[in-house]
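Structure first, then comments.
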Amino acid sequence: MLAAAVLDLYPGVKISIGPAIEDGFYYDFEFPEGVTVTDADFPAIEAAMKKHIKAAETFEREDVDPATARARFLAEGQDYKVELIDDLVAGQVHGDAKTTEAVDSVSLYTNGPFTDLCRGPHMPNTKRIGAVKLLSVAGAYWRGDATRKQLTRIYGTAFFDKKELNAYLELLEQAKARDHRKLGKELGLYYFSEAAPGSAFWTPAGTRVFNELVRLSREMGDPRGYTEVKTPQLYDASLWKISGHWDKYRDDMFLTETGDDRPMGFKPMNCPGHYELYRQTKWSYKELPVRFSEPGLLHRNELSGALHGLMRVRHFCQDDAHLFVTEDQLQDELTACIEFAKATYDLFGFTDADIKYELSTRPENRLGTDEQWDLAEDILRQALESNGLEYEIGEGGGAFYGPKIDFHFTDSLKRSWQLGTVQIDYQAPERFDLTYTGADNADHRPIVLHRALMGSYERFIGILLEHTGGDLPLWLAPVQARVLPIADRHNDAARAIAAQAAEHGVRVWVDDRTESTGRKIRDGELAKVPYLLVIGDREAEEGTVAVRARHEGDLGSRPAAEFFAELGQAIAGRER
């Protein structure tokens, strides 16, 4: 409908591709020279779309030979359709095509005066579209190639009725208000600068949040047998060649050279460093499993157009771990990883109902034999089923070295995010010649499990901010209580109260600005501070605090010592 409407309104426009996506659709256009389309043009385009919808135009499919289709679109001046047909004939993959086999026919769909090249299937007619809304416009290179023509991409969404559309648009408005880039700035947690594109500058408050997550990983990992290690940032190219990243991932790495022209690469993941560390020791089967963890600093050469706040960055830190296990230990370790993930998510209020499990299987471009992939996929399937977990299959979504279990979380805005992952790797032990001495005194290969639960701390914080609207759990809040002296004469008492709070492990800040108490309360609420503690004459004299809780409002006056003891216990127990 979008393409048909644009052709109605802008004669000479060239149309390229228009797929359905998770929350709607888009179509890419090359508009005639001098024509620029913005969101101000959306009402006219939507009106043209609605004419086609109201007409209840039937979608008619026709399968024709490629030569006929090519001639048709060539005559219409639709160069992009011609290129797509040529690629289909040559057997090149395009879009979400599942095969590279050359085709001997292509399908065309016609509604009213408009015919498009499309795989289908379609609805019976346009009347089935109950409500449609165009959302945004952006630039997009043809085929994602920066050397090709930049097209205009128009995004939209559609529903069976206006009620569903309005509910979705309301969620979009909430998402704008909860955008982590907006909240990060408002709460003073982090900033971005062209001085380091794609890399966050963390303020003291944001660093507290970041460090609390790292501390959580360490405290939960230690009793589970994880040993923290620290590995370099920069490696010789030979290491990346052994791991396979030099061939598979080099374009996404930052590369440099030493003074003697020795090629080097900044690490985009911790894996090869952990393999190098493992093979420095002669391990016995009695010492396995070996569990290396590292909150490792990583760099990935993301395209500038792909950068998105904390969700897609060039510099980040990952709660990464690599487990070196025997075959007999594999199922128990997978179960332990799943338990670790669920225990972590539970601290943030993510229940089983919020988490979806996905078994991501072999991609086309991969290392290893089919037999190894069959075995690894079956082991992960057994781990999911033995733990009573329902799961979906992510066809082709595995890493190039092995399949994985991915943990997906649905947030308060009904959006799905991938958080953690557990991956089986039979390739690294072979490529790095990793061994352990078995009970038979012979060398054996360990199996490697890659494990990350929060993923990157940056992305996890971004997701958490949007899920909570910046209303972080008490234990994670950068400032857990603000002390608000009513007048200057109460400042000394406020500072004494703050010192008392700190003794119980409560992070506090004294707001001794010369502002009204009402203004201080309002500012504290906007800053999402869990507790606001007002100090006046009575409180200063009695050693009490007038408590205002973020979720409960005024709680009245409490003895300071008693309140901070309770609060300290709640924080230590990471209560929400």
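Count the net charge of all other residues whose Cβ sits under 15 Å from the Cβ of HIS408, scoring Lys and Arg as +1 and Asp and Glu as -1.
Charge balance near HIS408 sits at -2.
Quick one: if you stick a label point 7 Å off each Cα along the C-beta vector at ARG148 and LEU303, how many nm between them?
Going by the 7 Å Cα→Cβ label model, 1.0 nm.
Taking the Cβ-Cβ separation of THR435 and ARG574 as r and a Förster radius of 45 Å, what is the calculated FRET efficiency to the nearest 0.05? Mind dumping the intermediate values first?
Working: r = 40 Å, r/R0 = 0.89.
Efficiency, from the Cβ-Cβ distance: 0.65.
Can you compute the modelled spin-label distance between ALA40 and ALA20, with each label point 7 Å from Cα toward Cβ, in nm?
For ALA40 paired with ALA20, the spin-label model returns 3.5 nm.
Determine ³J(HN,Hα), in whole Hz, for all residues of the range 436-441 in sequence, where each value follows from phi through the Karplus function 6.51 cos²θ - 1.76 cosθ + 1.60 and θ = phi - 60°; x replaces Gly and Pro.
9, 8, x, 4, 8, 6
For the range 1-94, what is Rg from Cα atoms divided by 2.2 N^0.38 Å, rounded to two decimals?
Details: Rg = 14.8 Å, N = 94, 2.2 N^0.38 = 12.4 Å.
That ratio works out to 1.19.
Residues with amide H under 5 Å of GLU57's amide H, sequence separation 5 or more or different chain, H placed in the peptide plane at 1.01 Å from N; which?
Amide H neighbours of GLU57, under 5 Å, 5+ apart: THR126, LYS127.
Using Cα centres only, tell me the gap between the range 512-576 and the range 132-153 in whole Å.
50
Can you list residues whose amide H is under 5 Å from VAL103's amide H, if they're 5+ apart or on another chain and H is modeled 1.01 Å from N?
Hits under the 5 Å cutoff: VAL89, GLY91.
Report the gain in length on full extension from ARG215 to ASP261: 0.36 nm times residue separation, minus Cα-Cα distance, nm rounded to one decimal.
Roughly 12.6 nm would be gained on extension.
Less than 16 Å from a label point 7 Å out along the Cα-to-Cβ axis of ASP63: which backbone N atoms in the range 113-138 qualify, by residue?
Only 118-122 pass the distance filter.
May I ask you to derive the relative contact order of the range 427-475, considering only C-alpha pairs under 8 Å and at least 6 residues apart, and to give it as an integer percent?
Relative contact order comes out at 21 percent.
How long are the three semi-axes of the equivalent ellipsoid of the range 481-572, in whole Å, if each is the root of 5 times an eigenvalue of the C-alpha gyration tensor, listed from largest down? Mind dumping the intermediate values first?
Numbers: eigenvalues 63, 48, 27 Å².
Gyration-tensor ellipsoid for the range 481-572: 18, 15, 12 Å.
Need one number: the % of Cα-Cα pairs in the chain sitting beyond the 47 Å mark.
Details: 47006 of 165600 pairs.
For the chain, the fraction of Cα-Cα distances above 47 Å is 28 percent.
If the label point is 7 Å along Cα→Cβ of SER107, which residues in the range 37-66 have backbone nitrogen under 18 Å from it?
Under 18 Å, as judged by backbone N against the label point of SER107, lie 58-66 of the range 37-66.
Specify the inter-centroid distance of the range 365-421 and the range 223-297, based on alpha-carbon positions, in whole Å.
23
Taking amide H atoms as placed 1.01 Å from N in the peptide plane, list the residues 5 or more away in sequence, or in a different chain, whose amide H sits under 5 Å from that of VAL545.
ARG558, ALA560
Each reported figure results from applying straightforward, stated rules to the coordinates on display, with no laboratory input. All figures in this text were calculated on a predicted structure; none of them were measured in a lab. FYI the Cβ positions are ideal-geometry reconstructions off the backbone, even for glycines, and counts take in every protein chain you see.
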